[in-house]
Amino acid sequence: MKNKLSDLNDHLFAQLERLSDETLSAETIEQEVKRTEAIVSVSDQITGNADLQLKAAKLFAEHGQAILPMLPQIRGKTEE
């Protein structure tokens, strides 16, 4: 899977468009609201992960190789 944050943005706007459809029945709106809640929940996790990756990249940019022992995932493996 090669999704990008821009794909997430597309999904969020597509869901917003579905919610804005004035021809939806009350039952369909209820289903779309449940779907929206699930999408928002997953989106929050994705953006939280992206934020964590950005923070790690900033630490690396500021401190260079010296920070790598504290950021094992940047090296591509964890120490045991």
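Out of the residues in the range 28-80 meeting the condition of being part of a helix (DSSP H, G or I) and acidic (Asp, Glu), tell me which one is modelled with the lowest pLDDT.
Here the answer is GLU62.
Any idea how many residues of the range 1-55 are closer than 30 Å to ILE67 by Cα and charged (D, E, K, R)?
So the answer is 5.
Looking at the range 1-42 only, could you name the residues that are among the small types (Gly, Ala, Ser) and over 21 Å from GLN53 (Cα atoms)?
Matches in the range 1-42: ALA14, SER20, SER25, ALA26, ALA38.
The values are calculated or read from the model by the stated rules, or taken from the named source; none is laboratory data. Nothing here was measured: the structure is a model prediction, and the numbers come from that model.
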